[in-house]
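So the structure is just underneath, and the comments pick up after that.
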Amino acid sequence: PALTFNVAVAAGTASATGQIQYNGVKIGSNNPVIVAAGSPVPVTIYNVDGNGNALPVSSAEAHSTASGAGASFSLADTGGGSFRATANGTSISYVTIPVGQTSAAVYYVNPTAGSYSAMTALTPLAQTAITATAAAATEGTPFLLTVGLTADTFTGTLPITITGAAASPFGNAAVLPTSVAFVSGTATETVPVTLYNSAASQVLTVNIAGLSHTATVTMTPSSTNAVTLATSGSTTMAANTVATNTITPTTRDVYGNLTTGDTISYAITTSPGSSTGVTVGAATGIFSVTGNASPAGTYVVTATDGGHTATTTFILQ
């Protein structure tokens with residue numbers, strides 16, 4: 001059977017390329033890989049120069065300058081097999097050769113036994129970066145984030161991680177993808193994301209196969225939010241005096257995030273009797289004690305935003 005490996009280094013110079021070796025020799029007709037059905041076989045991906053000599057990965061070839069960075073080789077196979085980082089591990093679609101090193105070991109496994117020698121390592125495709133497009137989203141509603149590989153024609157599935165999603169005070173966890181599939185001829189793909197925080201914007205860091213990019217998501221609070229008004233507890237004031245106290249409520253959406261712009265009205269809903277000397281501003285929330293006609297007792301003020309209410313208590317002594 002004929003097996004073709006497509007190996008593309010993520011970023012590099014024109015002289016660098018990828019080479020697959022088996023037992024220390026380049027795979028070819030004189031050095032085929034003998035595969036038993038379902039049994040992993042170790043092979044090595046080398047970064048080599050134009051003459052086939054092992055070439056340590058330079059910082060210029062690496063996908064970033066961070067510690068542990070390297071050149072990422074995307075792995076594809078047309079022979080029905082797959083690659084693994086460890087003999088009994090799960091399938092992988094890329095491998096990274098760290099800066100300063102020449103190679104990385106992987107395993108090839110094929111469900112069909114046979115001798116495989118038709119393998120190629122492609123010239124680097126200069127995958128120097130990924131893209132992640134800014135998006136607009138509604139809190140709690142899935143949206144599609146557009147991501148892509150710059151100057152690459154990779155076809156297959158790559159792991160993706162997304163960090164930076166703001167946490168919800170109520171503990172709702174963001175729903176984030178773990179992989180992205182690139183189809184032939186498509187430079188960008190979309191992945192579904194759900195965020196549960198109505199902060200005006202959230203900066204997400206997207207990482208695909210060791211390459212990172214940021215995308216700013218502009219958030220809109222959900223239109224189905226059940227806004228509640230936080231109570232202010234109780235406040236003690238002197239009776240039969242002149243004094244004011246301003247109620248300062250906070251409003252939160254169903255995810256526990258602070259919201260603004262709500263129209264709130266106020267009214268005294270419980271009092272100790274005749275209390276003409278005690279008022280609350282219907283729109284301002286200013287609780288006023290105006291003099292001797294303000295008897296001692298408990299006054300409950302109810303705030304509402306048009307369906308959701310909360311109370312606060314003033315005790316005049």
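Structure notes:
- Check on Asn240, outside any strand (DSSP E or B) and modelled with pLDDT of 75 or more: yes
- Pairs with Cβ under 7 Å, 6+ apart, first in the range 78-97 and more than 14 Å from Val41 (Cβ to Cβ) and open to solvent by 60 Å² or more (accessible area, probe 1.4 Å), second in a loop (DSSP other than H, G, I, E, B) and not hydrophobic (A, V, I, L, M, F, W, C): Thr78/Thr4
- Filtering Thr188, Thr235, Thr205 for residues that are at pLDDT 80 or above, open to solvent by 20 Å² or more (accessible area, probe 1.4 Å), of a type in the set (Ser, Thr, Tyr) and farther than 23 Å from Ala137 by Cβ leaves a single hit, Thr235.
- Number of positions in the range 213-232 that are modelled with pLDDT of 80 or more and of a type in the set (Ser, Thr, Tyr): 4
- Note on the range 25-45: among residues that are at pLDDT 90 or above and of a type outside the set (A, V, I, L, M), the one that is nearest to Thr102 (Cα to Cα) is Thr44.
- Candidate set from the range 108-133 (those that are assigned to a loop (DSSP other than H, G, I, E, B) and modelled with pLDDT of 85 or more); member that is least open to solvent (accessible area, probe 1.4 Å): Asn110
- So Gly70, is it modelled with pLDDT under 90 and among the small types (Gly, Ala, Ser): yes
- Tabulated pairs, the range 295-315, first closer than 15 Å to Ala282 by Cα and modelled with pLDDT under 75, second β-branched (Val, Ile, Thr) and buried (at least 17 other Cβ atoms within 10 Å of the Cβ), C-beta under 9 angstrom, 6+ apart or interchain: Gly306/Ile264
The values are calculated or read from the model by the stated rules, or taken from the named source; none is laboratory data. All figures in this text were calculated on a predicted structure; none of them were measured in a lab. So basically every Cβ, Gly included, is an ideal-geometry build from the backbone, and we count neighbours across all protein chains shown. Surface areas here come from the heavy atoms of the whole protein model, side chains and all, with no ligands, DNA or RNA. Shrake-Rupley method; radii C 1.70, N 1.55, O 1.52, S 1.80 Å.
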